[in-house]
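Comments concern the structure below.
The values are calculated or read from the model by the stated rules, or taken from the named source; none is laboratory data. If you're wondering where the values come from, they're calculated on a predicted model, not measured in any experiment. Reconstructed Cβ throughout: ideal geometry from the backbone, glycine too, with neighbour counts over all protein chains shown. Note: areas computed on protein heavy atoms with side chains; ligands, DNA, RNA excluded. Shrake-Rupley method; radii C 1.70, N 1.55, O 1.52, S 1.80 Å.
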Amino acid sequence: MATLYRLRRCHPTGAVIAHLHTSSRVSAKQHYKMLVLGGGTGGIAMSARMKRVVGADNVAVVEPAEMHYYQPIWTLVGAGAKTVASSGRSTASIIPSGVKWVKSKVQEINPQTNTVRTEDGNEISYEYLIVALGLQLHYEKIKGLPEGFEHPKIGSNYSIETVEKTWKALQDFKEGNAIFTFPNTPVKCAGAPQKIMYLADAYLRKTGKRDKAKVIYNTSLPVLFGIKKYAETLWDIVKTRDLQVNLRHNLIEVRADKQEAVFENLDKPGETTVFEYEMLHVTPPMGPHSVVKGSPLADEAGWLDVNKDTLQHNKYPNVFGIGDCTSLPTAKTGAAVAAQSAILNRTINKVMKNEKPDKKYDGYTSCPLVTSYNTVVLAEFDYNGQPLETFPFNQAKERRLMYFMKADVMPHLYWHGLLRGFWGGPGPYRKLLHLGMK
């Protein structure tokens with residue numbers, strides 16, 4: 001039941017679970033030059049960068065969770081290729097030395113008074129604010145969840161509490177439908193819902209069960225993938241491997257006791273179809289962080305209202321945003337956060353000097369589309385949906401090299417580069433590898 005309680009809390013992206021840290025919950029110093037909200041990818045990366053700009057004593061990070069997870073690897077955890085233990089480190093170990101860790105949840109942001117109130121009742125004032133609170137998962141918006149996860153044969157790679165359930169369901173598969181879903185909301189890492197489908201297909205082939213399985217991808221989207229160049233490759237894979245894709249199908253109910261999933265046809269409102277399943281992977285609906293949504297910082301949809309070029313807030317010039325919590329019109333990925341961190345670092349430096357920001361974020365984002373246990377299609381693109389590839393070869397092809405990057409290189413780059421504020425995306429290397437050509 002503890003699992004259900006945590007899932008019902010709909011914690012934002014970033015982290016949960018426990019480790020010891022020397023900081024006290026109540027901070028003696030209640031004012032910081034640079035206050036960072038959120039200890040996920042964007043928050044830790046920016047706190048490391050800001051430490052070098054204003055000094056560690058002038059930076060604080062508000063984050064309640066005592067574990068930090070590298071979530072992109074959960075795709076491989078759900079398929080048994082990595083362990084869940086390899087994805088996590090204590091928050092204490094990744095917060096930059098000397099930076100204050102305020103171990104509490106953000107309760108309220110008041111940009112008019114430059115203050116933040118935490119769940120334990122403390123008020124912290126700031127000169128500059130970086131909002132990196134991520135988004136929230138909403139399993140509860142699907143009827144029958146999260147309590148359905150107490151049953152076998154159902155999992156989700158989007159939560160630390162449910163990712164290992166995916167692998168268990170895959171191992172226990174005998175015969176029938178293996179169903180994978182994509183919700184009718186914005187999501188983080190929009191490729192992940194289908195990556196686990198390709199891995200499940202590969203596993204079932206490897207274990208001799210594929211001829212007894214029907215592998216089904218039910219997505220709310222009208223397309224398989226939003227970028228045409230990569231979508232063409234994925235459609236070829238779908239046809240070659242005999243995978244069934246149903247577009248505009250949105251999961252609205254799980255009857256875990258009966259192993260049934262109910263989908264709504266978004267093109268025919270009110271029309272539903274019941275699918276029986278032997279395995280079900282759920283990608284939950286997602287939405288803005290409740291604190292951001294309930295603050296003056298939000299746009300009409302509830303996302304942090306920032307300038308898409310500079311990441312500076314559109315109304316409050318001393319407020320900035322990064323990552324999944326923002327209104328930036330690009331895919332919400334760790335790769336996007338890396339590129340944003342370099343731009344935001346430059347923006348803040350300029351603003352602090354009363355100068356105009358001079359670097360623009362081009363919307364760069366990346367999705368390593370895992371298509372088997374040794375191949376990846378590395379999708380990279382910008383705001384306009386145009387490919388923005390790092391390597392001087394066609395990345396729309398499945399490649400073993402790209403799998404090695406996804407499984408082994410990128411985690412190292414994450415822990416030792418991005419979180420320490422040294423990795424701002426592949427932009428400079430792209431120019432070098434393309435010999436200066438676009």
Checklist entry - Mean separation of Cα pairs under 8 Å and 6+ residues apart, divided by the residue count of the chain: what relative contact order is that in percent? => result 16
Checklist entry - Do any trypsin sites (Lys or Arg not before Pro) in segment 347-395 lie in a loop, going by DSSP, with at most 10 other beta-carbon atoms within 10 Å of their beta carbon, and if so which? => result Lys353
Checklist outcome for this item: Straight-line reach check, Lys209, cutoff 13 Å on alpha carbons, 8 or more apart in-chain or any other chain, hits among aspartates and glutamates -> Asp172, Glu175, Asp201, Glu278
Checklist entry - In deg cm²/dmol and to the nearest 500, what is the mean residue ellipticity at 222 nm of the chain if only DSSP H runs of at least 4 residues count, each as -39500 (n - 2.57), divided by the residue total? => result -6500 deg cm²/dmol
Checklist outcome for this item: Once Arg400, Arg420 are ranked on solvent-accessible area with the largest value leading and a 1.4 Å probe, the list reads Arg400, Arg420
Checklist entry - At Ala301 and Leu432, where each label point lies 7 Å from the Cα along Cα→Cβ, what is the point-to-point distance in nanometres? => result 3.6
Next on the checklist: Let me confirm the definition first: pairs of Lys residues in segment 267-385, 8 or more apart or on different chains, C-alpha distance under 16 Å. How many are there?
Outcome noted: 8
Checklist entry - What distance in nm separates the simple spin-label points at Ser290 and Arg117, each placed 7 Å from Cα in the Cβ direction? => result 1.5
Next on the checklist: Show log10 I(q)/I(0) for the chain at q = 0.11, 0.13, 0.14 Å⁻¹, two decimals, from a solvent-free Debye sum over equal Cα scatterers.
Outcome noted: -0.83, -1.16, -1.32
Next on the checklist: What is the sum of charges, Lys and Arg at +1 and Asp and Glu at -1, for the other residues whose Cβ falls under 11 Å from the Cβ of Gly176?
Outcome noted: +2
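Write down the accessible area per residue of the chain in Å², having rolled a 1.4 Å probe over the full set of protein chains. Please list the in-between numbers first.
Values: 18160 Å² over 438 residues.
Result: 41 Å² per residue.
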Checklist outcome for this item: Toy charge model, Lys and Arg Cβ at +1, Asp and Glu Cβ at -1: the chain dipole around Cα centroid in debye, rounded to 20, equals 1120
Next on the checklist: Using alpha carbons only, how many angstrom separate the centre of segment 73-120 from the centre of segment 218-287?
Outcome noted: 31
Item to check | Spherically averaged projected area in nm², based on the convex hull that wraps the Cα atoms of segment 195-350 | outcome: 12.6
Checklist entry - Taking only Cα atoms, what is the 0 to 90° angle, nearest 10, from helix 192-206's long axis to the longest principal axis of the chain? => result 40
Item to check | Share antiparallel - DSSP beta bridges, segment 139-286, percent rounded to 5 | outcome: 40
Next on the checklist: Could you tell me which residue out of Ile252, His281, Ser366 lies farthest along the dipole of the chain toward its positive end? Charges go on the beta carbon: Lys and Arg +1, Asp and Glu -1, centred on the Cα centre.
Outcome noted: Ser366
Next on the checklist: Given Cβ point charges of +1 (Lys, Arg) and -1 (Asp, Glu) and nothing else, what value in debye, to the nearest 20, does the dipole of segment 36-193 about its Cα centre take?
Outcome noted: 460
Next on the checklist: Given a 1.4 angstrom probe, I'd like the percentage of the accessible area of the chain that is carbon and sulfur, rounded to a whole number.
Outcome noted: 52
Item to check | Amide H contacts of Gly134 (H built 1.01 Å from N, under 5 Å, at least 5 apart or other chain) | outcome: Asp324, Cys325
Checklist entry - Residue by residue through segment 337-343, which ³J(HN,Hα) values in whole Hz follow from phi under the Karplus form 6.51 cos²θ - 1.76 cosθ + 1.60 (θ = phi - 60°), with glycine and proline marked x? => result 4, 4, 5, 5, 4, 5, 5
Checklist entry - Which of the aspartates and glutamates could a cross-linker span from Lys143 if the Cα-Cα distance has to be under 18 Å and same-chain partners fewer than 8 positions apart are dropped? => result Glu253, Asp257, Glu260, Glu264, Glu271, Glu276
Next on the checklist: Going by average Cβ density within 10 Å per residue, which order do the peptides 31-37, 211-217, 265-271 take, highest to lowest?
Outcome noted: 31-37, 211-217, 265-271
